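The values are calculated or read from the model by the stated rules, or taken from the named source; none is laboratory data. On a predicted model such as this, the values are computed, not experimentally measured, just so you know. Every residue, glycine as well, gets a Cβ built from its backbone with ideal geometry; the counts of neighbours run over all protein chains shown. For accessibility, only protein heavy atoms count, side chains too; no ligands or nucleic acids. Shrake-Rupley method; radii C 1.70, N 1.55, O 1.52, S 1.80 Å.
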Amino acid sequence: MNLGHGPRSLGYGVDLDQLGDVGVVGLGHMGASLVGALQQQLNVVGFDRDPESIAFVRSTFNARGAESVEELVRECRVVVIATPTPEVPRVRETLEVAAAKLDLHPVVCDIASIKGDLAIGQFSGSSLRYVSLHPMAGREGNGATSADPSIFNDANWAVALTGSEDPDALATAVTLPLVLGNGVIPIRWEDHDPAIAVVSTLPHVSAVALARVLGQSADHMALEWLAAGSIRDGVRVARTDPARIVEMLHPNRMPLRRAIDSLVSELVACRDHLEDPQWLLEWARSGNDGAQAVLLRSGDVRQERVPLTALVEEFLRLAKRGRLVVSLAVDGDEVQLASAGHEASGDPAP
């Protein structure tokens, strides 16, 4: 079965009653886009320190706006932190104070692209039931007015697992991407940032480097007229707000350094073999295989039932086998879920 990049055709099992109202803190590009996407099927409440951002999601997406974080916690069972990554700990602390004051235990999710500095595993005694998500989505843009709900079309989401998540909170949190028709990629917390360094951060590095080569060329004005699809695609993400690019690069600098070293090695090898057409052919074939693998998702879909209490362990098992969760529904003390995988993955049938 060809799943494409986001397996909408699989039929997602989603229990919307699990969610109730969903709150979003931070109405920049990602947060406002998420409000617009979720509001098509759910009741969404947005909050931002900027009143104009709240007014924008009200008028554009017909979402409600909250006057305070405390109001958001009082009304929403699920709250998503969509602020820039450096602000996540501060917002999380504010949510925790509000939840403790109200004696509530909301499911709180960040959607930060880098997890290493968030101390995600320190919330076992908190009023918050915390789950860390990461939508593999976005485009160049900044602020609420750049919102584009379509960025979540065919976009898988990662869930970064510490192993200490509350099972009910995990089931509730992953319903957010599933209701958007997106798949969920379970990944261990410690594996998340190195993976993101390769598939997300490194492309921004290469785009900026390529754009600098273009811009610093003595003939750059002529090159800009000559530029067609390949160069436009290659530099597209370099048009992202530079501050947002730094937010991705600097926190993930250790894994990113290794990814850059690998890319540099490939470029050096190509440079050193430009006189060898056969080597170049084999090199290009290998790259073609890697590029095709990004586009194609061939595999099987398996249905299974697990106790709700064992859901975290099941997600960790799926992470180990590289499977994608495509549906999930809680039925009493059990969870029925389906996952997709690669036919040649070696993942034995349960």
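What translational diffusion coefficient, in µm²/s and rounded to a whole number, does the Stokes-Einstein relation yield for the range 195-350 at 4 °C and a viscosity of 1.567 mPa s, taking the hydrodynamic radius as the Kirkwood radius over Cα pairs?
Translational D for this selection: 67 µm²/s.
I'd like to compare 79-89, 327-337: which one has the highest average count of other Cβ atoms within 10 Å, and what's the full order after that?
Taking the mean over residues of other Cβ atoms within 10 Å, the ranking is 79-89, 327-337.
Restrict the search to the range 175-277; then list the GluC sites (Glu not before Pro) that DSSP places in a loop and that have at most 13 other Cβ atoms within 10 Å of their Cβ.
Here the sparse-neighbourhood loop sites are Glu275.
Quick one: longest stretch of the chain between exposed loop trypsin sites (Lys or Arg not before Pro), exposed meaning at most 16 other C-beta atoms within 10 Å and loop per DSSP?
Between the exposed loop sites, the longest stretch runs 140-320.
If you compute Cα extents along the principal axes in Å for the structure shown, which of (i) 57, 47, 42; (ii) 69, 51, 34; (iii) 77, 46, 33 do you land on?
The value computed from this structure is option (ii).
Of the accessible area of the chain, with the probe set at 1.4 angstrom, what percent is carbon plus sulfur?
54 percent
So what is the accessible area of the chain per residue, in Å², with the probe set to 1.4 Å?
Value returned for the chain: 49 Å² of accessible area per residue.
Kyte-Doolittle cut-off 0.5, length cut-off 20 Å along the helix's own axis using Cα: show which whole DSSP H helices in the chain pass.
202-216
Please report the antiparallel percentage of DSSP beta bridges with both residues in the chain, rounded to the nearest 5.
The antiparallel fraction comes to roughly 50 percent.
So which GluC sites (Glu not before Pro) in the range 94-167 are both in a DSSP loop and have at most 15 other Cβ atoms within 10 Å of their Cβ?
Glu140
How large is the translational diffusion coefficient of the range 90-178 in µm² per second when you combine the Kirkwood radius over alpha carbon pairs with Stokes-Einstein at 10 °C and 1.306 mPa s?
111 µm²/s
Can you tell me the dipole magnitude for the chain around its Cα centre, using point charges on the Cβ only (Lys, Arg +1; Asp, Glu -1), in Debye to the nearest 20?
The calculation lands at about 360 debye.
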